[in-house]
1. May I ask you to list the residues in the range 1-13 that are of a type in the set (Val, Ile, Thr) and buried (at least 18 other Cβ atoms within 10 Å of the Cβ)?
Amino acid sequence: MFAVVAIVAGGVREELQRVFLLHRFEQHLGGVRVGIVILSIGFGLGHVVQGWDAVIGTGVLGAFWAVLYVRRRSVLAPMVSHSGFNALEVLRVAVWGA
């Protein structure tokens, strides 16, 4: 059940939010590059309870998924990538522990 939640909440919901916000930045809030930077910092800081290494790692991954969306103009690739990453993290913790 936790894997399903991680995949849907992370891979689907977060990527749809990122695309929505990037579109808003592109249209009205300073451009897509500004959006990528601000959203990646925010995404990273959203994981601060996991430690500063997680903040940096998730911030970089958030930037990667944002750039992937901007280049392809499709949410599908970042959604699949993010979902796969979350599924692998759940599997890693289930098999080897935290």
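1. Across the range 1-13, the qualifying residue is only Ile7.
For every residue, the table says whether it meets (1) modelled with pLDDT under 90; (2) part of a helix (DSSP H, G or I); (3) on the phi < 0 side of the Ramachandran plot.
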{"position": "Ile56", "(1), (2), (3)": "no, yes, yes"}
{"position": "Val60", "(1), (2), (3)": "no, yes, yes"}
{"position": "Ser74", "(1), (2), (3)": "yes, no, yes"}
{"position": "His82", "(1), (2), (3)": "yes, yes, yes"}
{"position": "Leu91", "(1), (2), (3)": "yes, yes, yes"}
{"position": "Ala94", "(1), (2), (3)": "yes, yes, yes"}
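This table checks each residue for (1) open to solvent by less than 40 Å² (accessible area, probe 1.4 Å); (2) more than 27 Å from Ala94 (Cα to Cα); (3) under 12 Å from the mean Cα position of the chain (by Cα).
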| site | (1), (2), (3) |
| --- | --- |
| Glu15 | yes, no, yes |
| Gly35 | yes, yes, no |
| Gly44 | yes, no, yes |
| Trp52 | no, no, no |
| Gly57 | yes, no, yes |
| Ala66 | yes, yes, yes |
| Arg73 | no, yes, no |
| Pro78 | yes, no, yes |
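The values are calculated or read from the model by the stated rules, or taken from the named source; none is laboratory data. Remember, it's a predicted structure, so these values are computed and weren't measured experimentally. Cβ sites come from the backbone with ideal geometry, for glycine too, and all protein chains shown count toward neighbours. Ligands, DNA and RNA are stripped out before the accessible areas are found, and what is left, the full protein with its side chains, is counted by its heavy atoms. Shrake-Rupley method; radii C 1.70, N 1.55, O 1.52, S 1.80 Å.
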